[in-house]
Structure formats: structure tokens, C-alpha cells
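The values are calculated or read from the model by the stated rules, or taken from the named source; none is laboratory data. Source: prediction; values computed, not measured. So basically every Cβ, Gly included, is an ideal-geometry build from the backbone, and we count neighbours across all protein chains shown. In case anyone asks, the SASA skips ligands and DNA or RNA and just uses the protein heavy atoms, side chains included. Shrake-Rupley method; radii C 1.70, N 1.55, O 1.52, S 1.80 Å.
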Amino acid sequence: MSAVGVEAGAEAEPAPAQDDGMTWWYRWLCRGAAVLGGVSCAAAGLWNCVTINPLNIAAGVWMMLNALLLFLCEAPFCCQFIEFANKVGNKADKMKPWHKAALYCTMAMFPIFISFTLTTLFGNAIAFATGVLYGLSALGKKGDAISYAKLQQMKKPDEEKPEAI
């Protein structure tokens, strides 16, 4: 087997699934929000570029780059015409949820700082919400009531015991 054959075989293997504490439906919710965020960023970015104001054009271009990054990270099958789409998707799958949260929220706020308009605000809202969803998943699962009650029982001093006279 040649080195080229080994490289091609390594690219075809899917990324190993990591246990990041997310349920399957929450992972698909985050991915769906990212795709919707990419669509809204692309549409609002294109609309933002139809102007003569250079700051609006810069914000619109940045929004379209945000859309491309969201598609590459969360839905690489949407970018089949780009050779490195699967590599970026595999690397994004290995990222921790709080890294994705920081990335998506930061990249969604940048066009708003460039040009604060309703188009940039509403166009980046879903992309920012995707970052918030990933941030919430980084916090972890909520504890159940039984373990919380046991924890409170252990912390409470023995006030209920009657004193011996």
C-alpha cells in the first residue's frame, strides 16, 4: 500500500464519537440551530452588502464568512464542493462544547460591532443562540432531586434530634 492510499483511507474514517455529556437530541438541536444560523447569516449578509456604506459591506461579508464557518463545522455535507470540508467538520466534532460556544458567540457579535443595524442584529441572532446552546451544554446535566435531597440532608446540622435531659 502506498502512502497516498493510507492517507486516503485515513480521511474516509469517521471521527471517533466523544462523550461530551450531550444527548443525541440536544446535539441535533445544536446542529439544526447552527444550520439555521448559517442560513440567516448568509441571507442577512447578502442583504447587508446591497448598499454603498463600507461598514455595512464589511459586516455583510463577515456574516457570510460566519455562515460558511457554521456550515463547515456543523454540516460539512452542505459544502461538498470544498475539499477540506470534512477535515474541518471532524476537527469541529472534537472541540469541547464551551470552545464552540465561545467561537460562535464571538463570531456572531463581531458584525454587530462593525455596523449596528437591524439586519446585522437579527441576522446573527440564531448564530449567537447556537453558541448559547453549546454553552448550556458545557454546564452539564442538571442533578436529580434525590441526590440533591441527600446532599442537603448531609449539610443540615442535627437540629431535629431531641436532647437528653
Taking a crude spin-label model, label points 7 Å out from Cα along the C-beta direction, the L121 to Q153 distance in nm is 5.1
Taking C78, C73 and ranking on accessible area (1.4 Å, protein atoms only), highest first, one gets C78, C73
Per the 1/(1 + (r/R0)^6) rule, R0 = 22 Å and r from the Cβ atoms of A145 and R27, FRET efficiency to 0.05 is 0.30
The simple spin-label model distance between V88 and N53, using points 7 Å out along Cα→Cβ, in nm, is 2.8
